[in-house]
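Colleague: What follows is a single structure, and I will ask about it in a moment.
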Amino acid sequence: MKKLKFLSFVLLVSLSSLLKAESAPSNPFIALSQLTSDDFDWIGAKIYQNEASSNPKYLTHWGKGEDFPSFGIGHFIWFPKNISPPFKETFPAMLQFVSKSSTPPKWLQTWQHAPWQSKLEFDAAQSSKELNTLRQWLLETKAQQAHFIAQAFEQRWQLETATIHSERLKVLNDRLQQMMSFKQGLFSVVDYFNFKGLGNNLKEQYQGKSWGLISVLEGMPQAVFNDFTPQKGLVAFIDSAKNQLQQRTELAPVERKESRWIPGWFARLEGYAQ
């Protein structure tokens, strides 16, 4: 009798543990905590290729029509004084993060804002000692910048999904966890976040429609996740991302002529499967 009671207790404990495991919320970001320095070297090199064509000159860049320059493998933006566009400034935070492991050029310590007031002024300074030393530092710290991007991804995800209904959030976390369970999938979601954001923000939408990572994940067929394989996941992710970006160009203000970017955007997405 005592033996039967003991077996019953063991079964109950086992069942309780199983139910708790099944009901525990997904934590896709465990995958990020397991990345090694070699992994960040690989991710950094891939983002550098996607964002800067692996060309050092694009590590310090001021895009045509923009009010600010961008730096590094993630095109981290830095605002000049008295400029406040509706975007999140990212260069100061990246600089602070990477400086913990690599000393930046000394001249950066004296500037709170970007020291150039126009693209014309910035372009004229491209051969200056300041920008040459900055490019070299950015080139040497690609892995640390990749680590910063991964950390920013996790922080933004937690912040921007905090108001999403629990059932919808569980589906999103489950899908994200499956995509981050293999190397190419993890890179795809991290790179897309850096590329087009999460999208759960009115500033990242046209006519109420987003093109961010959240919309890409939700646009993937559930059947893919019911019988998930890395190959199926990558194909569905790429297809969904293309659909979101195509929709973006169709909803964008006509004067922006965003369709001209589609070939480059699609080429970048297709690189996720290579």
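Colleague: Spin-label point model (7 Å from Cα, Cβ direction): what's the Leu139 to Ser118 distance in nm?
Modeller: My value for the distance between the label points is 3.0 nm.
Colleague: Considering only the other residues whose Cβ falls under 12 Å of the Cβ of Gln207, what net charge follows from Lys and Arg at +1 and Asp and Glu at -1?
Modeller: Values: positive: Lys209, Arg248; negative: Glu250.
With Lys, Arg at +1 and Asp, Glu at -1, the net is +1.
Colleague: Something else now. Under a Cβ-Cβ cut-off of 14 Å, what is the net charge of the residues other than Leu32 that fall near it, where Lys and Arg count +1 and Asp and Glu count -1? Spell out each step's value before the answer.
Modeller: Values: positive: Arg156, Lys183; negative: Asp39, Glu154, Asp191.
Cβ neighbours under 14 Å give a net charge of -1.
Colleague: Given that compact globular proteins tend to follow 2.2 N^0.38 Å, what is the ratio of the alpha-carbon Rg of the range 165-274 to that value? Provide the component values of the computation, followed by the final result.
Modeller: Details: Rg = 13.7 Å, N = 110, 2.2 N^0.38 = 13.1 Å.
Here the Cα radius of gyration is 1.05 times the empirical estimate.
Colleague: Then there is this: Which links in Lys232/Lys257; Lys129/Lys196; Lys57/Lys106; Lys46/Lys81; Lys100/Lys129 stretch past 25 Å when you go from one Cα to the other?
Modeller: Values: Lys232/Lys257 33 Å; Lys129/Lys196 32 Å; Lys57/Lys106 20 Å; Lys46/Lys81 32 Å; Lys100/Lys129 23 Å.
As for pairs spanning more than 25 Å Cα to Cα, those are Lys232/Lys257; Lys129/Lys196; Lys46/Lys81.
Colleague: Could you order peptides 262-272, 65-75 by the average number of other Cβ atoms within 10 Å of their residues, highest first?
Modeller: So the order, starting with the most tightly packed, is 65-75, 262-272.
Colleague: How much length is gained if the chain between Ser84 and Glu66 is pulled fully straight, taking 0.36 nm per residue apart and subtracting their Cα-Cα distance, in nm to one decimal? Spell out each step's value before the answer.
Modeller: Numbers: separation 18, 0.36 × 18 = 6.48 nm, distance 1.18 nm.
Separation in residues times 0.36 nm, less the Cα-Cα distance, equals 5.3 nm.
Colleague: Under 13 Å from the Cβ of Lys242, count the other residues' Cβ atoms, weight Lys and Arg +1, Asp and Glu -1, and hand me the total. Intermediate results must be reported in sequence, preceding the final value.
Modeller: Numbers: positive: Lys196, Arg248, Arg268; negative: Asp239, Glu250, Glu270.
Result for the local shell: 0.
Colleague: Compare the peptides 135-141, 107-113 by average per-residue count of other Cβ atoms within 10 angstrom and give them in order, highest first.
Modeller: On the way: 135-141: 17.6, 107-113: 12.0.
For the peptides 135-141, 107-113, the packing ranking is 135-141, 107-113.
Colleague: Please identify the helices of the chain, taking whole runs of DSSP H, that span at least 15 Å along their own axis as judged from the Cα atoms and have a mean Kyte-Doolittle score of -0.5 or higher. Don't skip to the answer; put the middle values down first.
Modeller: Values: long enough: 2-23 (31 Å, 0.88); 37-52 (21 Å, -0.81); 129-140 (17 Å, -0.73); 142-160 (26 Å, -0.84); 166-179 (19 Å, -0.98); 183-196 (20 Å, -0.01); 230-251 (31 Å, -0.63).
Correct list, ordered by number: 2-23, 183-196.
Colleague: Write down the radius of gyration of the chain and its Dmax, each obtained from C-alpha positions, in Å.
Modeller: Reported Rg and Dmax, both Å: 22.0, 89.
Colleague: Could you list Val98, Val216, Val171 in order of exposure, starting from the residue whose Cβ has the fewest other Cβ atoms within 10 Å?
Modeller: Working: Val98 23, Val216 30, Val171 16.
The order, fewest Cβ neighbours first, is Val171, Val98, Val216.
Colleague: Just in the range 44-79: which trypsin sites (Lys or Arg not before Pro) are loop by DSSP and have at most 14 other Cβ atoms within 10 Å? Write down the numbers at each step before the final one.
Modeller: Numbers: sites: Lys46, Lys57, Lys64; in loops: Lys64.
Here the trypsin sites (Lys or Arg not before Pro) that fit, given the DSSP loop and packing criteria, are Lys64.
Colleague: Along the Cα→Cβ direction, 7 angstrom out, place labels at His165 and Ser127. What is the inter-label distance in nm?
Modeller: The two pseudo-label positions are separated by 6.1 nm.
Every number in this text was worked out from the coordinates using simple rules, so none of it is lab data. Please read all numbers here as calculations on a predicted model, not as lab measurements. We place every Cβ from the backbone using ideal geometry, glycine too, and count neighbours over all the protein chains shown.
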